[in-house]
Amino acid sequence: MKICIFGLGKSGTTALLFKVAGGLPNCAAFSGGKPGKYVGEYKNAVYKHTYNERKGKNFELFKEHFAREQYDRYVWMARDPRDAAISRMLYRWHRGILGSKKQYQAHVDLVLKKEKHPSSVPFVEICRYAGHNDWPMTAGQVIEKESKRYGRMADFVRGLGSDWFLFKYENMIDGEFEALNQYLGFTVQHEEEVPKAYGKVVRKKKYGDWRQWFTEEDVRLFKPAFAPYMEVMGYNTDDWKLDPNPVIEPQYSSEYMQSLPGRVTRGTILRYIDRLVQMLFKRG
């Protein structure tokens, strides 16, 4: 069986990859790369891909791939865009800080300030320092990027056929796999964990954290940007209630963020070894 898991980065795709692969015997699990890079004659294989316009992985590329390459099952992985935005922001420096130390420090300083006084720093202000090109961005540029990203995602999901299964990060965290199991035709190993080679993608394994991070200003700015996708995926577009006494835990915020640059080399080596093991998998 050949399965494709597709979604935005930091939406739980890596975790689902290994949970699904764990439910099939002698199953190879492939993460990342351009679509089609690791396709082969495996008895069972699961391929995880993420949408990323900045890296050239746009929807047109994937539509072309899906037209050429047939899978037995297709899963679109969704996550509440408010939580996903926080995870992407904190994951910004997973490739290291070479050539960007000033930006990195300014970014970390804002997160540290947010931890001490959560209501004093709007989330959008921190996002201004999390860009990959010019920084700091304006708040308008931040919102424009989010609007385009989620607008395109909403359009893509609306166009998916009945052969696709829509699955939410929140269902995965709550252990709700019954409908997914029925669609796949086997039982997902929901206790399966992400291997150490991919460990840096794992953070809190919870949802609703945006209520701690967002301010009223953020609600006003991000609500129109996220609403189309939230609506098409069935999230409650009316629920934007914030925690009146927000708490941001350093362990899952600044400490996690600061740990990423130092894990770059080790993570690369482990993933390389993991890929060699996958390529030596018994085929046929």
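At a glance:
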quantity	calculated
Considering residues of the range 97-113 that are at pLDDT below 95 and among the hydrophobic types (A, V, I, L, M, F, W, C) only, the residue surrounded by the most Cβ atoms within 10 Å (Cβ to Cβ)	97
Residue 74, sole failed condition from (1) more than 29 Å from residue 146 (Cα to Cα); (2) touching a residue at least 60 places away in the same chain (Cβ under 8 Å)	(1)
Residue in the range 135-145 that is modelled with pLDDT under 95 and more than 17 Å from residue 16 (Cβ to Cβ) present	yes
Residues (assigned to a loop (DSSP other than H, G, I, E, B) and within 18 Å of residue 156 (Cα to Cα)) located in the range 18-59	35, 56, 58
Failed condition for residue 117, given (1) touching a residue at least 60 places away in the same chain (Cβ under 8 Å); (2) exposed (fewer than 14 other Cβ atoms within 10 Å of the Cβ); (3) closer than 17 Å to residue 211 by Cα	(1)
Count of residues meeting criterion [surrounded by fewer than 19 Cβ atoms within 10 Å (Cβ to Cβ) and more than 27 Å from residue 4 (Cβ to Cβ)] in the range 68-96	1
Test: residue 40 is over 24 Å from residue 187 (Cα atoms), out of contact with any helix residue (DSSP H, G or I) (no Cβ under 8 Å at 6 or more places or on another chain) and either surrounded by fewer than 16 Cβ atoms within 10 Å (Cβ to Cβ) or small (Gly, Ala, Ser) (or both)	no
In the range 224-236, the residues that are buried (at least 16 other Cβ atoms within 10 Å of the Cβ) and part of a helix (DSSP H, G or I)	225, 226, 227, 228, 229, 230, 232, 233
Selected residue [at pLDDT below 95, surrounded by 14 or more Cβ atoms within 10 Å (Cβ to Cβ) and over 16 Å from the mean Cα position of the chain (by Cα)] from 189, 251	189
Answer from 211, 263, 271, 275 - the residue that is of a type in the set (Lys, Arg) and modelled with pLDDT of 95 or more	211
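Conditions tested, residue by residue: (1) at positive phi; (2) touching a residue at least 40 places away in the same chain (Cβ under 8 Å); (3) surrounded by fewer than 18 Cβ atoms within 10 Å (Cβ to Cβ).
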position: 3; (1), (2), (3): no, yes, no
position: 8; (1), (2), (3): no, yes, no
position: 12; (1), (2), (3): yes, yes, no
position: 16; (1), (2), (3): no, yes, no
position: 19; (1), (2), (3): no, yes, no
position: 24; (1), (2), (3): no, yes, no
position: 27; (1), (2), (3): no, no, no
position: 30; (1), (2), (3): no, yes, no
position: 35; (1), (2), (3): no, no, no
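The values are calculated or read from the model by the stated rules, or taken from the named source; none is laboratory data. These figures come from a predicted structure and were not determined experimentally. Glycine also receives a Cβ, built like all others from the backbone with ideal geometry; neighbour counts cover every protein chain displayed.
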